[in-house]
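The values are calculated or read from the model by the stated rules, or taken from the named source; none is laboratory data. The structure presented is a predicted model; accordingly, all values stated were derived computationally and were not measured. All Cβ positions, even for glycine, are placed from backbone atoms using ideal geometry, and neighbour counts span all protein chains on display.
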Amino acid sequence: MDESELLSRLRDGNEGAFDSIFREQYPGLVVVATRLLGERSLAEEIAQDVLLELWRRRDTLVLTGPVRAYLQQATRNRALNRLRQARTAQRGEAYVRGPGEAPPTDSRALSTELAVAVVRAVAALSQPQREVFEMNRQRGLTYGEIAALLGISVKSVEARMGRALKQLRDQLAPWLLT
């Protein structure tokens, strides 16, 4: 059976077509995910998720190329997303502590250093940017409320806030990246 006929049967809900795709593609998907993740059990889970999603989306799925290429790209994307999630969780672990657990002393020094850097970075903003930033982040005002108070458009508030956040990200990058 050729691929277009197999896909047609899959779209019609034919479990035999799905089973055929699963048996043919699963081992290769596991290899793709294992290369990225370095852990076979996690790779198997990713490959199964991708194939399950193929079954769930079978009636709306529009493929412009071979099934194999689509599934391998989907597997690669899911594996990379899993790596990003793991990296984000790892960064966040330093901030999650149990009750009564004090942060290490060097962490307190770093927190103080970061607080000083934030104050300096906010002070370095232009007056209009600082004003919008402080009204939003410290006073909790919405962009609409800020626009009304300052007599400017909401778009102007958004633009000022965007520039302020970009400048703060740039200045605080050494403390934000691990």
Considering each of Leu51, Leu110, Leu61 in turn, give the residue that is at pLDDT 90 or above and surrounded by 14 or more Cβ atoms within 10 Å (Cβ to Cβ).
Leu51
Cβ pairs under 7 Å, 6+ apart or interchain, first in the stretch 7-21 and in the same structural domain as Leu63 (by TED's automatic domain parsing), second assigned to a helix (DSSP H, G or I) and among the basic types (Lys, Arg), ordered by first then second residue, are Ala17/Arg9
Being assigned to a helix (DSSP H, G or I) and among the charged types (D, E, K, R) is the filter; apply it to the stretch 139-178 and report the residue that is nearest to Gln90 (Cα to Cα).
Arg169
Within the stretch 1-44, residues outside any helix (DSSP H, G or I), closer than 18 Å to Trp55 by Cα and among the small types (Gly, Ala, Ser) come out as Gly13
Pair list, Cβ < 8 Å and 6+ apart or interchain, from the stretch 78-90 residues that are in the same structural domain as Ile46 (by TED's automatic domain parsing) and closer than 16 Å to Val50 by Cα to residues that are β-branched (Val, Ile, Thr) and assigned to a helix (DSSP H, G or I):
Arg78/Ile46; Arg78/Val50; Ala79/Val32; Ala79/Ile46; Arg82/Ile46
